[in-house]
Amino acid sequence: VQLQASGGGLVQAGGSLRLSCAASKRTFSNNAMGWFRQASGKERENVASMSWNGRSTYYADSVKGRFTISRDHAKNTVYLQMNSLKPEDTAVYYCAAGLGAISGTAESDYRYWGQGTLVTVSS
């Protein structure tokens, strides 16, 4: 099972990026999906997650109103649209597939992890 995250890069503050996470070898249509990030010297945190059917979403307070998680079941892909980026959003971003249809914010709620993609926001 593989999750391949992509879309990271260098962007100026105020800019936008869209991260993608494509799954291979199996479908995650029945699983919650989440995006986590880990900044240098900090613990990994859940920034956004979505239930299997998309009806339930979670956003960390720090990204509410700026980030949007979405998923395309047909493409077996989950996205994270990031707008109005700030330097404090700089981190390695990971996608993850939850243990169940609805998952919490803890890392232990997620079973499969992508390799991470680096987002750097310059001031």
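The values are calculated or read from the model by the stated rules, or taken from the named source; none is laboratory data. On a predicted model such as this, the values are computed, not experimentally measured, just so you know. Note that each Cβ is placed from the backbone with ideal geometry, even for glycine, and that neighbours are counted across all protein chains shown. We work out accessible area using only protein heavy atoms, side chains counted, and drop any ligands, DNA or RNA first. Shrake-Rupley method; radii C 1.70, N 1.55, O 1.52, S 1.80 Å.
Before moving on, here are some points about what is shown:
- Listed residues 74, 96, 49: farthest to the positive end of the dipole of the range 47-123 (Cβ charges): 74
- Accessible surface of the chain [probe 1.4 Å, protein heavy atoms]: carbon and sulfur percent: 46 percent
- Accessible area per residue for the chain, computed on protein heavy atoms with a 1.4 Å probe, is 51 Å².
- Set of the range 67-108 residues, backbone N closer than 19 Å to the point 7 Å along the Cα-Cβ line of residue 26: 72-78, 95-104, 107-108
- Diffusion coefficient, µm² s⁻¹, Stokes-Einstein with Kirkwood Rh over alpha-carbon pairs of the range 46-117 at 37 °C and 0.692 mPa s: 256 µm²/s
- Spacing of the modelled spin labels on residue 12 and residue 86, each 7 Å from Cα toward Cβ, amounts to 2.0 nm.
- Euclidean distance between Cα centres, the range 58-89 to the range 95-123, Å: 11 Å
- Taking a straight Cα-Cα cut-off under 23 Å and skipping sequence neighbours fewer than 8 places away in the same chain, the lysines within cross-link reach of residue 86 are 42, 64.
- Using C-alpha pairs under 8 Å with a sequence gap of at least 6, the mean separation divided by the residue count of the chain gives a relative contact order of 36 percent.
- Coil-residue GluC sites (Glu not before Pro) of the range 6-105, DSSP, other Cβ within 10 Å capped at 14: 43
- The loop-placed trypsin sites (Lys or Arg not before Pro) in the range 1-59, going by DSSP, that have at most 10 neighbouring Cβ atoms within 10 Å of their Cβ come out as 25, 42, 55.
- Across the chain, the volume of the C-alpha convex hull divided among the residues equals 88 Å³ per residue.
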